[in-house]
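Asks: Let me begin by handing over the structure; questions about it come next.
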Amino acid sequence: MTDRRPGTAGDPQIVFDGVGVTYPNGYRGLSDISLTIPAGQMVGVVGLSGAGKSTFVRTINGLVTATEGSLTVNGRDVTTARGKQLRAVRSDIGMVFQGFNLTGRTTVLNNVLMGRLYSAPWWRTLLGAWKSDDVELAMDALTRVEIVQKAYTRASELSGGQQQRVGIARALAQQPSIILADEPVASLDPPTSHVVMEHLRRINGELGVTVITNLHFLDLARKYSDRLLGLRGGHVVFDGTGADADETVFESIYGRSLTGEDVLDATPNLETS
Amino acid sequence: MTTPTAIPAGKAVPPPRPSRLWVRAGWTAVLLVVLAAFWRVNIDWSQLSDFVPSLFHYLRLMFCPPAWSQTSAAFSATILSVQMAWIGSILGILISFPLSFLAARNVVPVWVRLPVRLVLAILRAVPEVVIAILILSVTGLTAWTGALALGIGSIGTLGKWGYESFESVSGGPLEAARATGGSRLAVIRWGLWPQAQPEVLAFWLYRFEISVRSSAILGLIGAGGIGKMLSDNTQYQNWNVVGILLIVVVVVTMIIDQISAVLRQRLITGRWALVGYGARRKALTPTGLA
Amino acid sequence: MSDVPAQPAQPRAARPPRPRRGATPWVIGIVLAAITVWAARGVQIDIPAIWQNFSNASGTLMQLFQPDYGFFPQTLSAIEETLMMAVIATAIGSLGSVPLAFLASRATNPSRALLAAIRFLNNVIRAVPDLLYAAVFVAVVGTGALSGVLALFFFNIGILVKLVSESLDGLDRGPQEAALAAGGTWFAADRVSMLPSVAPSFASQVLYTFEVNIRASTVIGLVGAGGLGVLIDNVRTFYHYHYLSLIILEILVLVLVVETASSMLRKQLAR
Ligand SMILES: Nc1ncnc2c1ncn2[C@@H]1O[C@H](COP(=O)(O)OP(=O)(O)OP(=O)(O)O)[C@@H](O)[C@H]1O
Ligand SMILES: [Mg+2]
């Protein structure tokens, strides 16, 4: 297997070229997105609710199909991929969800092993007869997010922050070159949010995995990303670093000035973060 | 801002009583139907006046005392009924399990789902005894064909409970499995099944309880077991044998119900507990089933 | 497989031991298999017999696929009787179940001993299948609709008392407490607080019971208790399979129509 890991940091990895998404009901979710995300970057995506953040990240692994333009990930065209090809693209992209999306009734380890579904033969997945290599990978992933002690616990018995770390471990078990995180901390309290974001940053730093995170809070996004994308009405209205994102940029993204509700650590002052 | 209107002094005017015309019309219709049924039905209600004394008369014949000597015969007839129910349930489970996947909205497209659901609906609508009569008229009367009938009779309900529990799982884990690049099979196995498994197993047990009751019925039309012994003995008015049969049926059924309820409780909640009425959680009984 | 993460974040020793499930899954598997083998021997499973019988009986099967619609007028009175038995039994069964259900719920019956007695009695009632009731009542009051109505009545009591008392158990007891606090008796408190709260689910359960009754009343005639079942028994004894298949078709339509109507009504009630 070739590109399980990112190539040289900085190589173009995700290339949007005129990408647009029109939902089946006719709603335009994304319009005319053209940008390149290099391997190893930590990207934060911000915007109002309904701006198209989820649509943006879900287009990358084909959970939402781009209806216009072309989108390539690691050199493979996602927009036209179907069936096995699409699954190959997805296996290279881990995903972390706002609601964790764990199966509460089964063990943490089983949840993380879901990350191996693409590479394991069908009869192994059916019987749950995982290869010891796969179990090893899952354990490593759990160790990395410091929750390996809970490997045999039922997922529903964990706290929210712990569950989200399991969610990250599941993405890691895929040995992905990219991790997409759709509001990974939206259902967590502030200290736990920082723990989870720290884990994502460590994974980005130590493993060189590209991490794209949708975030509701601007201060979190600025703190935990190399690059900030601002979405509004399905368009990219800002593309730059956190330091560039001043009050006027904020207004262009949110259509109003900053308030306490837009930051996690309650002072509405961008400079403190 | 509107200024509050001054409250007029004097008699309070109650709001008009809301119109309940439809509700009343509905109740009137129900009442009329019931009255019509009482009036039309070919029953001589005066017979009821000696029903209670004659019921007591027969109860005395049955239970004072029951034919204890027949206990072991009654017991082995009941055991045969239970065996029929067990085999029938296993057959029903084997056939209905794949069908319930093929009928679930989150597994297959409409054109697969609809025909499968239609078949399940038809199997559910025909009473088991009728299915048994059909099968028995083709295959002859044995305990084995009785079990077959029970199996086919249970496909409809088992299939429905199955697809309903599959459809009620949360979509998140399914999406997560899809996002890892898992195949359709993998998504079902690791996204859907772990969520639905406890309910589905509990339904299997519950269906076995129902089949135990139905198997007693099958005997009445000739499939052997407790029902056969019962119809033979009512025919010849051996009331004290009927008495012991009823005792054995009730005791065995209640024991099986209790064991099964405890196991179902354990499956759903992960705890062992004796199950009374109140302790039984709603989830344990499929919607609209007694 | 390519390079696994270079530096495992912690040494392997930090992992939890795999919990031992011990022999439990094996024991369960063996017990289930043993029961199955035992039951299979009891009913004398004979798979080849299925095919043989079906090929012998292809004539019968062909007849079953050709219902004789000319028989329809003669079935009308039996259909009517079936419907009437179901209506009457549901009506008296639901009235009769109300007091018993209140006595069988821990929310409405303060006496634990009476509660246990009523529940036990109802479990006994529920353990007897509908056709057994019918068979016994046919012996007691003779063949005909009366024995059918009586059989269905007991059957309904069993279902309704269980379902309604469970609904009562699940109700919010606040209003009842308020009524008791205002100095009401248990009877008065249950009447003004619990009865109205349980009414919608009671109505829905009565409808459900009606569905079950329709299905049951089509067959209890097999032992002589009136309705379509009597007809089934007749045509079956004389091997009139064209008639039999018409009756089955009628049952199918009857049950599907009643179930669809009733489940629509129940959805309305649930809102
Ligand atoms: N499956 C769909 N069909 C039709 N419209 C959709 C669908 N999914 C999303 N949309 C619409 O697309 C727009 C963008 O949705 P998206 O979920 O990407 O927003 P978001 O920025 O992630 O918002 P939030 O912060 O609330 O998650 C919304 O107006 C939404 O209503
Ligand atoms: Mg979103």
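The values are calculated or read from the model by the stated rules, or taken from the named source; none is laboratory data. Source: prediction; values computed, not measured. In this analysis, Cβ positions are derived from the backbone assuming ideal geometry, glycine residues included, and neighbour counts consider all displayed protein chains. Note: areas computed on protein heavy atoms with side chains; ligands, DNA, RNA excluded. Shrake-Rupley method; radii C 1.70, N 1.55, O 1.52, S 1.80 Å.
Asks: Could you order the peptides B:80-91, C:53-64 from most to least packed, using the average number of other C-beta atoms within 10 Å per residue?
Replies: Final packing ranking: B:80-91, C:53-64.
Asks: Then there's this: Can you check what the net charge comes to around C:LEU103, using other residues whose Cβ is under 15 Å from the Cβ of C:LEU103 (Lys, Arg +1; Asp, Glu -1)?
Replies: +2
Asks: Taking only the alpha-carbon atoms of the stretch B:64-284, what semi-axes of the equivalent ellipsoid follow from 5 times the gyration tensor eigenvalues under a square root, in whole Å, largest first?
Replies: Each semi-axis is the square root of five times an eigenvalue, giving 38, 21, 11 Å.
Asks: Calculate the spin-label point distance for C:ALA33 paired with C:VAL257, positioning each point 7 Å from the Cα along the beta-carbon direction, and give it in nanometres.
Replies: 5.2
Asks: Something else now. Could you go through the stretch C:35-52 in sequence order and give the Karplus-derived ³J(HN,Hα) for each residue, using 6.51 cos²θ - 1.76 cosθ + 1.60 with θ = phi - 60°, rounded to whole Hz, and x for Gly and Pro?
Replies: Values per residue, Gly and Pro as x: 4, 5, 4, 4, 5, 5, 5, x, 8, 6, 4, 8, 5, x, 4, 4, 5, 4 Hz.
Asks: Which far-off residues, 5 or more places away or on another chain, put their amide H under 5 Å from the one on A:GLY69, with H placed in the peptide plane?
Replies: A:GLY20
Asks: Considering amide H positions built from the backbone, and no H for Pro or chain starts, which residues 5 or more places from A:LEU30, or on another chain, come under 5 Å of its amide H?
Replies: A:VAL21
Asks: Shielding of B:31-38 by partners, i.e. mean partner chain Cβ atoms within 10 Å per residue?
Replies: Across B:31-38, the average partner-chain Cβ count within 10 Å equals 4.
Asks: Residues with amide H under 5 Å of A:PHE238's amide H, sequence separation 5 or more or different chain, H placed in the peptide plane at 1.01 Å from N; which?
Replies: Counting only residues 5 or more places away or on other chains, the set is A:GLY230.
Asks: In addition: So what is the 222 nm mean residue ellipticity for the protein assembly as shown from helices alone, if each DSSP H run of at least 4 adds -39500 (n - 2.57) and you divide by all residues, rounding to the nearest 500 deg cm²/dmol?
Replies: After summing the helix terms and dividing by residue count, I get -19000 deg cm²/dmol.
Asks: Using Cα-only point scatterers and the Debye equation, what is log10 of I(q)/I(0) for the stretch C:108-249 at each q in 0.10, 0.13 Å⁻¹, rounded to two decimals?
Replies: -0.49, -0.70
Asks: In the stretch B:64-284, carbon and sulfur make up what percent of the accessible area (probe 1.4 Å)?
Replies: Solvent-exposed carbon and sulfur of the stretch B:64-284 make up 68 percent of the total.
Asks: Another one. Mind giving me the nanometre distance, one decimal, between the label points for B:LEU94 and B:MET254, set 7 Å out from Cα along Cα→Cβ?
Replies: 3.5
Asks: At a probe of 1.4 Å, how much accessible area disappears from chains C and A on forming the pair, both sides counted, to the nearest 100 Å²?
Replies: That pair of chains buries around 1600 Å² in total.
Asks: Calculate the FRET efficiency for A:THR241 and C:ARG18 from the Cβ-Cβ distance with a Förster distance of 45 Å, rounded to the nearest 0.05.
Replies: Working from the Cβ atoms, E equals 0.45.
Asks: Something else: Pick out the long, greasy-scoring helices in chain A: whole DSSP H runs spanning 15 Å or more along their own axis by Cα, mean Kyte-Doolittle at least -1.0.
Replies: A:132-144, A:160-173, A:190-207
Asks: For A:GLU157 and A:ALA186, what does the FRET efficiency come to when R0 = 35 Å and r is the distance between their Cβ atoms, rounded to the nearest 0.05?
Replies: According to the calculation, E is roughly 0.95.
Asks: To the nearest whole number, what is the average tally of beta carbon atoms from other chains within 10 Å of the beta carbons of peptide B:216-225?
Replies: 4
Asks: Let me ask something else. Suppose all protein chains stay in the model; what accessible area per residue would a 1.4 Å probe give for chain B, in Å²?
Replies: 49
Asks: Moving on to the next point. How high is the FRET efficiency from B:ARG105 to A:TYR23, r the C-beta distance, R0 25 Å, rounded to 0.05?
Replies: 0.80
Asks: Heavy atoms only, probe 1.4 angstrom, no DNA, RNA or ligands counted: give me A:TYR118, A:TYR254 ranked by accessible area, highest first.
Replies: In descending accessible area the options line up as A:TYR118, A:TYR254.
Asks: Whole-Hz ³J(HN,Hα) for each residue in the stretch C:227-238, computed from phi via Karplus 6.51 cos²θ - 1.76 cosθ + 1.60 with θ = phi - 60°, x for glycine and proline: what do you get?
Replies: Each residue of the stretch C:227-238 in turn: x, 4, x, 4, 5, 4, 4, 4, 5, 5, 4, 9 Hz.
Asks: Using a simple spin-label model with points 7 Å from Cα along the Cα→Cβ vector, what separation in nm is obtained for C:VAL98 and C:VAL192?
Replies: Going by the 7 Å Cα→Cβ label model, 1.8 nm.
Asks: For the interface of chains B and C, what total accessible area is buried with a 1.4 Å probe, rounded to the nearest 100 Å²?
Replies: The B and C chains share an interface burying roughly 5900 Å².
Asks: Let me ask something else about it. Would the protein assembly as shown count as rounded, prolate or oblate if I go by the C-alpha gyration tensor, calling it rounded below 1.5 in a/c and otherwise prolate when a/b exceeds b/c, oblate otherwise?
Replies: In terms of gyration-tensor shape, prolate.
Asks: Please list C:TRP38, B:TRP204, B:TRP161, B:TRP39 from largest to smallest accessible area, probe radius 1.4 Å, with all protein chains kept in place.
Replies: Listed by decreasing accessible area, they come as B:TRP39, C:TRP38, B:TRP204, B:TRP161.
Asks: Quick one: Karplus J couplings for the stretch B:202-213, per residue in order, coefficients 6.51, -1.76, 1.60, θ = phi - 60°, nearest Hz, x for Gly and Pro?
Replies: Rounded to whole hertz, the list is 5, 5, 4, 4, 4, 5, 4, 4, 5, 5, 4, 5.
Asks: Starting from the residue with the highest accessible area, list A:SER187, C:SER97, C:SER263 in decreasing order, probe 1.4 Å.
Replies: Largest to smallest exposure gives the sequence A:SER187, C:SER263, C:SER97.
Asks: If you don't mind, another one. Based on the mean of other beta carbon atoms within 10 Å per residue, what is the order of B:133-143, C:18-28, most packed first?
Replies: Top to bottom by mean Cβ count within 10 Å: B:133-143, C:18-28.
Asks: With the other protein chains left in place, how much accessible area per residue, in square angstrom, belongs to the stretch A:64-176 at a 1.4 angstrom probe?
Replies: I get 36 Å² per residue for the stretch A:64-176.
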